Amino acid sequence: MNKVAEQLNRQVEGVIAPHQLTVAQYGLLLLLQTRGPQAQIVLSQQVGLDRTAVMRTVDLLESRGLVRRDADAIDRRKNSVALTDAGTELLTQTLPDVRQAEQAVTARLSSHEQGLLMALLRRLLSSP
């Protein structure tokens, strides 16, 4: 599984590198697009990075105008991270090429096998 993940990361990196993005940064943007604004601690848990790494990633994405931090209305020590219009536009531009890169990795599988693989991976990710 590690070799497949490495191959996929290389393919995706080739597509997003011209946009000055890493796979981790791109994953965080996608997460915000699909799940909406998230607390930084929740982002850390969802992407599997420690809080410091997530903070650095958010800092960089925020400096580029791709995400914004919003202070929690009740506890101002907490921040929610949200995708900006520029972040949404970047995802819109890159997503077709990223999907094509993903398909290059799974091209040896039939459509049925690809669906089965995705179902099995979701199942593995949902288990404790």
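The values are calculated or read from the model by the stated rules, or taken from the named source; none is laboratory data. Everything quoted here is computed from the prediction, not taken from an experiment. Methodologically, a virtual Cβ is constructed for each residue, glycine included, from the backbone with ideal geometry; neighbour enumeration extends over all protein chains shown.
For the reader, a short list of remarks on this structure follows.
- Residue match in the stretch 89-105 (condition: among the aliphatic types (A, V, I, L, M) and farther than 16 Å from V23 by Cα): yes
- Residue within the stretch 8-20 that is more than 26 Å from S126 (Cα to Cα), touching a helix residue (DSSP H, G or I) at 6+ places or on another chain (Cβ under 8 Å) and surrounded by 17 or more Cβ atoms within 10 Å (Cβ to Cβ) present: yes
- Residue check, L120 closer than 30 Å to V4 by Cβ and not in a helix (DSSP H, G or I): no
- Applying the criterion of being loosely packed, with under 14 Cβ neighbours inside 10 Å and not in a loop (DSSP other than H, G, I, E, B) to the residues of the stretch 70-85, the residue that is modelled with the highest pLDDT is D85.
- Subset of the stretch 4-23 (residues that are in a helix (DSSP H, G or I) and of a type in the set (A, V, I, L, M, F, W, C)): V4, A5, L8, V12, V15, I16, A17, V23
- Looking only at the stretch 38-54, and only at residues there that are buried (at least 16 other Cβ atoms within 10 Å of the Cβ) and either assigned to a loop (DSSP other than H, G, I, E, B) or among the hydrophobic types (A, V, I, L, M, F, W, C) (or both), the one that is nearest to the chain's Cα centre (by Cα): V47
- Scanning the stretch 87-117 for residues that are without any contact (Cβ under 8 Å) to a residue 40 or more places away in the chain, closer than 21 Å to L32 by Cα and touching a helix residue (DSSP H, G or I) at 6+ places or on another chain (Cβ under 9 Å) gives a single hit, L95.
- Residue check for L30: assigned to a loop (DSSP other than H, G, I, E, B), buried (at least 16 other Cβ atoms within 10 Å of the Cβ) and either modelled with pLDDT of 90 or more or charged (D, E, K, R) (or both): no
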